[in-house]
Protein chains: 2
Amino acid sequence: MDDRAIGVFDSGMGGLTAVRELIRRLPGEDVVYFGDTGRVPYGGRGADTIIKYARQDVAFLRTFDLKAIVIACGTVSTTALDILARENPLPVIGVVEPAVRSAVAATRTGRIGLVGTKATIASGAYERTVRELMPQAEVTARACPLFVPFVENGRYQPGDPLVELLVAEYLAPFREAEVDTLILGCTHYPLLKDAIAAYLGDGVRLISSGAACVDTVARLLEERDMKNAKTQGGLRRYFASDSAQDFGALASIFLGEDIQGQAQQIAIENY
Amino acid sequence: MDDRAIGVFDSGMGGLTAVRELIRRLPGEDVVYFGDTGRVPYGGRGADTIIKYARQDVAFLRTFDLKAIVIACGTVSTTALDILARENPLPVIGVVEPAVRSAVAATRTGRIGLVGTKATIASGAYERTVRELMPQAEVTARACPLFVPFVENGRYQPGDPLVELLVAEYLAPFREAEVDTLILGCTHYPLLKDAIAAYLGDGVRLISSGAACVDTVARLLEERDMKNAKTQGGLRRYFASDSAQDFGALASIFLGEDIQGQAQQIAIENY
């Protein structure tokens, strides 16, 4: 048993899709979430800036006594996971390997697609991991830089003409490549799942990187006997670097529950 | 004569549309530009965060000996101009009043439209200024939160179906209200000028807030006899808070000239 909390962070709100899955799968765990809403998005920034921001995010989380840190951010996972794992004496879990494991288990044809931010695609981290786990796989990858601003502006519903046009533009190469599995390599993208499924059809399995990462966390806690003694009613604390009120208002979209008044603003550049 | 430089800043690259106009109109002036590309965009953030970032931007610029500061950012101009003007003993020029003056001079029917970021529209600053200068004007205002990410991803050309769909959605209320003048209240928007003009037609005059603001700077320098002794060949220095290489590569879109290798990265959170 280990009653310490799990720390989770993301560049903004997207990581809450992983928290949602964490609450569903491990309802007794205490969670501390930090969303860097004052500096979101990370995905188009340079690697040095992403690493600097990620170090500050982890430094803030580690002001709490944690048993593990989840990087619920595709961009940070692909750019800074190795550095953060080396610098911190506790398990640091990113989204890349879990998502690739799920994709490799799901694919029948070996044709795997990957969508993510510019930084995620440029890093090549997903492709490298696919090649390690399934050398014969064919990977088609594409950066979808407008997906994050679309989601953050509430534009993700199927039937929205602008959403449909963008999804069709970004995903045409995956239809052409006849992938049977698509990794959603950014924790914002699960909100676009219905619109993406409507375009690609039922034959394509969609892997949410946040959900896959929670599988890994659950296995880790099980294997090391590090689960919380509680099996229900874990405590959740939410922090953001921009207005906590705005965070609370938007969080329900990603989290699926109302946390108005429960979030707190912190000055991340001081960490 | 006053040979000190003019400081210009923006949340990112958009302010370069004002620098372009500054170079065209006042080619002898020295310019120091800072683009906060490590924290762009400001437009959806809370007022406290915008004010904090704007103070740091000005503190960095004031490490140079300046004769004036131009806020080439609609969001900062509407949220923090009064504070910055009070705190700094040199002229601080925003984009709001100059753009409204141009719009009031241009309109024949008194029906004026305004587009900007969420923060700009929420501030009500443009409407208040219009009411002061032209009490009988009818103002139609709309936030266009996806315009900045579209422009930053190079999506602004007329003929691009996604751009045309978004422009038609955002600007339909202005067609309906039969405005004859539209204020582009964000320095990113001039890049969308052709697409906007194609939708609204020739009868609508488009006012670029950055260009209008340069008119005010030119008048100020003239009135106070503060022009640079040079009439050509002003020095320009460019700084950014994210990768200088990325800045240089993108800057040419906004500036209309190549400044690869001329930009320098700084750590804005230290100011």
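The values are calculated or read from the model by the stated rules, or taken from the named source; none is laboratory data. Only a predicted model underlies this, so the values are computations on that prediction, with no experimental measurement involved. Please note: Cβ atoms are built from the backbone with ideal geometry, for glycine as well, and neighbour counts cover all protein chains shown.
Here's a check for you: in the stretch A:180-196, which residue that is part of a helix (DSSP H, G or I) and in contact (Cβ under 8 Å) with a residue 24 or more places away in the chain is nearest to A:A143 (Cα to Cα)?
In the first step, residues of the stretch A:180-196 are kept if they are part of a helix (DSSP H, G or I); the result is A:189-196.
Imposing the further condition that a residue be in contact (Cβ under 8 Å) with a residue 24 or more places away in the chain reduces the set to A:189-192, A:194-196.
On the way: A:Y189: 12, A:P190: 16, A:L191: 17, A:L192: 15, A:D194: 19, A:A195: 17, A:I196: 15 Å.
Here the answer is A:Y189.
Scan the stretch B:235-256 for residues that are among the small types (G, A, S), within 14 Å of chain A (Cβ to nearest Cβ) and surrounded by fewer than 20 Cβ atoms within 10 Å (Cβ to Cβ) and report the count.
Taking the stretch B:235-256 first, the residues among the small types (G, A, S) are B:240-241, B:243-244, B:248-249, B:251-252, B:256.
Checking which are within 14 Å of chain A (Cβ to nearest Cβ) leaves us with B:240-241, B:243-244, B:248-249.
After this cut, where a residue has to be surrounded by fewer than 20 Cβ atoms within 10 Å (Cβ to Cβ) as well, the list is B:243, B:248-249.
The qualifying residues number 3.
Condition first: in contact with an Asp or Glu (Cβ under 8 Å, 6 or more places away or on another chain) and at positive phi. Now tell me which residues in the stretch B:106-137 satisfy that.
Across the stretch B:106-137, the qualifying residue is only B:G110.
Just to be sure I understand, how many residues within the stretch B:98-133 are part of a helix (DSSP H, G or I) and within 14 Å of chain A (Cβ to nearest Cβ)? Before the answer, list the steps.
Residues of the stretch B:98-133 part of a helix (DSSP H, G or I): B:98-106, B:118-123, B:125-133.
Then drop every residue that is not within 14 Å of chain A (Cβ to nearest Cβ), which leaves B:118-119, B:121-122.
Total meeting the criteria: 4.
Of the conditions (1) at pLDDT 95 or above; (2) under 18 Å from the mean Cα position of the chain (by Cα), A:G110 clears all except one; give me its number.
(2)
What number goes with the only condition from (1) among the β-branched types (V, I, T); (2) surrounded by 24 or more Cβ atoms within 10 Å (Cβ to Cβ); (3) away from chain A (no Cβ under 14 Å) that B:I23 does not pass?
(2)
Output the residues belonging to the stretch A:134-165 that are over 23 Å from A:T37 (Cβ atoms) and assigned to a helix (DSSP H, G or I). Show your work before the answer.
Step one: filter the stretch A:134-165 for residues over 23 Å from A:T37 (Cβ atoms), giving A:134-142, A:158-162, A:164-165.
Hits for the stretch A:134-165 are A:P161, A:L162, A:E164, A:L165.
Please tell me if B:R39 is crowded, with 24+ Cβ neighbours inside 10 Å, farther than 16 Å from B:A72 by Cα and of a type outside the set (D, E).
Numbers: crowded, with 24+ Cβ neighbours inside 10 Å: yes; farther than 16 Å from B:A72 by Cα: no; of a type outside the set (D, E): yes.
The answer is no for B:R39.
Can you name the residue in the stretch B:94-122 that is of a type in the set (G, A, S) and surrounded by fewer than 22 Cβ atoms within 10 Å (Cβ to Cβ) and, of all such residues, is nearest to B:G43 (Cα to Cα)?
Here is the first cut: in the stretch B:94-122, the ones of a type in the set (G, A, S) are B:94, B:99, B:102-103, B:105-106, B:110, B:113, B:116, B:119, B:122.
Applying the additional criterion that residues be surrounded by fewer than 22 Cβ atoms within 10 Å (Cβ to Cβ) yields B:102, B:105-106, B:110, B:122.
Details: B:S102: 23, B:A105: 27, B:A106: 27, B:G110: 27, B:A122: 10 Å.
Selected residue: B:A122.
For a quick check of your reading: which strands (runs of 3 or more DSSP E) sit entirely within the stretch A:203-271 and have at least 1 residues that are in contact (Cβ under 8 Å) with a residue 12 or more places away in the chain and outside the structural domain of A:D36 (by TED's automatic domain parsing)? Spell out how you get there, then give the answer.
Values: elements: A:205-208, A:236-240, A:263-265.
Because the criterion is at least 1 residues that are in contact (Cβ under 8 Å) with a residue 12 or more places away in the chain and outside the structural domain of A:D36 (by TED's automatic domain parsing), the strands (runs of 3 or more DSSP E) in the stretch A:203-271 that meet it are A:205-208.
Hey, can you tell me all the residues within the stretch A:33-63 that are of a type in the set (A, V, I, L, M) and under 13 Å from A:I266 (Cα atoms)?
Residues of the stretch A:33-63 of a type in the set (A, V, I, L, M): A:40, A:47, A:50-51, A:54, A:58-59, A:61.
Of everything in the stretch A:33-63, those that are of a type in the set (A, V, I, L, M) and under 13 Å from A:I266 (Cα atoms) turn out to be A:A59, A:L61.
So for the stretch A:72-88 (the condition being of a type in the set (S, T, N, Q), more than 30 Å from A:V139 (Cβ to Cβ) and buried (at least 21 other Cβ atoms within 10 Å of the Cβ)), does at least one residue qualify?
no
Output the strands (runs of 3 or more DSSP E) that fall wholly within the stretch A:1-84 and possess 3 or more residues being more than 24 Å from A:A249 (Cβ to Cβ), or say none. Talk me through it step by step, then tell me what you get.
Numbers: elements: A:5-10, A:31-35, A:66-71.
So the answer is A:66-71.
If I filter the stretch B:172-185 for residues that are within 14 Å of chain A (Cβ to nearest Cβ) and over 15 Å from the mean Cα position of the chain (by Cα), do I get at least one hit?
Taking the stretch B:172-185 and keeping what is within 14 Å of chain A (Cβ to nearest Cβ), we get B:172.
Those still in the list that are over 15 Å from the mean Cα position of the chain (by Cα) too: B:172.
Yes, the stretch B:172-185 contains a residue that is within 14 Å of chain A (Cβ to nearest Cβ) and over 15 Å from the mean Cα position of the chain (by Cα).
Tell me, which residue of the stretch A:26-75 that is within 14 Å of chain B (Cβ to nearest Cβ) and within 14 Å of A:G210 (Cβ to Cβ) is nearest to the chain's Cα centre (by Cα)?
A:T75
Assuming B:P161 fulfils every condition listed in (1) surrounded by fewer than 16 Cβ atoms within 10 Å (Cβ to Cβ); (2) more than 14 Å from every other protein chain (Cβ to nearest Cβ) apart from one, which condition is it?
(2)
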